[in-house]
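Okay, so here's the structure we're looking at.
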Amino acid sequence: MLSASQIVFERYFEPVFEPVNFDLKSGELLLVTGANGCGKTTLIRVLAGILHPTSGQLDLKAAGMAYVGHYLGIKDDLSVVENLRFMRDFLGTSGTSCEQLISQVGLTRVAEQQARTLSAGQRKRCALARLLVSEAQLWLLDEPYSNLDQEGVELVDILLNRHLDAGGACVLATHGAHRPQWAGTTDYHLVSGAAA
């Protein structure tokens, strides 16, 4: 689904992290760990195409990629259901029932509320629902457990397990104590470069 060969990203002419190499296949989870400031978010943004690597090669074979990072990309003036409908229509996945997805992520009670009125955890759930709207094979998740209560953490694991069971793949960056329990998990401990 996604392979990286000697990926380097430099900031002020210094590498943020040591060269990254991996080959992610269907049904696999790459768990990126490391200390704060080691470049986990930067790596995820490079993999998503938001940042361009200074050197190295990325090879994307997946049918579609979905990214959820620190900035959730939710439109504050739209309700939860309007956010999901907008994303569904933008991506062309018209067969997806937004109401069903809202129920899956536990937001039925606030479905008509503007996103600006949601708690941090509810906003994260809304962003996670967008993953399901996308129907992308590859998920790139940066700290998906942050701002979630225990029920929300379990929800992330459920969604992740379903995605991987269905043949999807995921790169997940985390520094938290919780780690997903998936048999096809490869740990990748990111090491800081000179600029981190």
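What follows draws every value from the coordinates through simple rules; no lab data is involved. Just so it is clear, the model here is predicted, and its values are computed rather than measured. Glycine gets a Cβ as well: all are built from the backbone with ideal geometry, and neighbour counts include every protein chain shown.
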Expressed as a whole number of Å, what is the distance separating the alpha-carbon centroids of the range 1-46 and the range 80-100?
31 Å
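DSSP loop (so not H, G, I, E, B), at most 11 other Cβ within 10 Å: list which GluC sites (Glu not before Pro) in the range 67-176 pass both filters. Could the numbers behind the result be given before it?
On the way: sites: E82, E99, E112, E135, E151, E154; in loops: E112, E135.
Sparse-neighbourhood loop GluC sites (Glu not before Pro): E112.
Starting from the Cα-Cα distance between L60 and Q181, subtract it from 0.36 nm times their residue separation and give me the gain in nm to one decimal.
Working: separation 121, 0.36 × 121 = 43.56 nm, distance 2.51 nm.
Between L60 and Q181, full extension yields 41.1 nm more.
At 222 nm, what helix-only mean residue ellipticity would the chain give, in deg cm²/dmol to the nearest 500, using -39500 (n - 2.57) for each DSSP H run of four or more?
Working: 5 runs with 59 residues, N = 196.
Value at 222 nm, helices only, nearest 500: -9500 deg cm²/dmol.
Can you give the FRET efficiency for I50 and Q100, using 1/(1 + (r/R0)^6), R0 = 41 Å, r = Cβ-Cβ distance, to the nearest 0.05?
Values: r = 30 Å, r/R0 = 0.73.
According to the calculation, E is roughly 0.85.
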Can you tell me the Rg and the Dmax, both Å, for the Cα atoms in the range 69-135?
10.5, 29
Between V191 and residues 5 or more places away or on another chain, the pairs with built amide H atoms under 5 Å apart involve E18
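May I ask for the net charge around L31, where only other residues with Cβ less than 14 Å from the Cβ of L31 are counted and Lys, Arg are +1 while Asp, Glu are -1? Could the numbers behind the result be given before it?
On the way: positive: K40, R179; negative: E28, D142, E143, D157, D187.
Summing Lys and Arg as +1 and Asp and Glu as -1 gives -3.
What's the longest uninterrupted piece of the chain once you rule out the chymotrypsin sites (Phe, Trp or Tyr not before Pro) that are loop residues per DSSP with at most 10 other Cβ within 10 Å? Write out the running numbers ahead of the final one.
Working: sites that count: Y12, F13, Y71.
Here the longest segment lacking exposed loop sites spans 72-196.
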Write down the radius of gyration of the chain and its Dmax, each obtained from C-alpha positions, in Å.
16.7, 49
Roughly how far apart, in whole Å, are the Cα centres of the range 121-173 and the range 53-75?
14 Å
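At 0.36 nm per residue, minus the direct Cα-Cα distance, what do T108 and K75 gain on full extension? Give it in nm, one decimal, please. Don't jump to the answer; show the numbers that get you there.
Values: separation 33, 0.36 × 33 = 11.88 nm, distance 1.79 nm.
Taking T108 through K75 to full extension adds about 10.1 nm, to one decimal.
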Candidate lysines for bridging to K124, where Cα separation is under 24 Å - those fewer than 8 sequence places away on the same chain excluded
K40, K75
How much net charge surrounds A62 when only the other residues with a Cβ under 13 Å from the Cβ of A62 are counted, with Lys and Arg +1 and Asp and Glu -1?
-2
Total formal charge among the other residues, if their Cβ is under 12 angstrom from that of W182, Lys/Arg +1 and Asp/Glu -1:
-2
Just to be sure I understand the curve: with the Debye formula and one point per C-alpha of the range 137-180, what is log10 I(q)/I(0) at q = 0.14, 0.15, 0.28, 0.31 Å⁻¹?
-0.30, -0.34, -1.09, -1.22
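Based on the Cα coordinates of the range 1-113, what is the per residue volume of their convex hull in Å³?
On the way: hull volume 17.0 nm³, N = 113.
In the range 1-113, the Cα hull volume divided by residue count equals 150 Å³.
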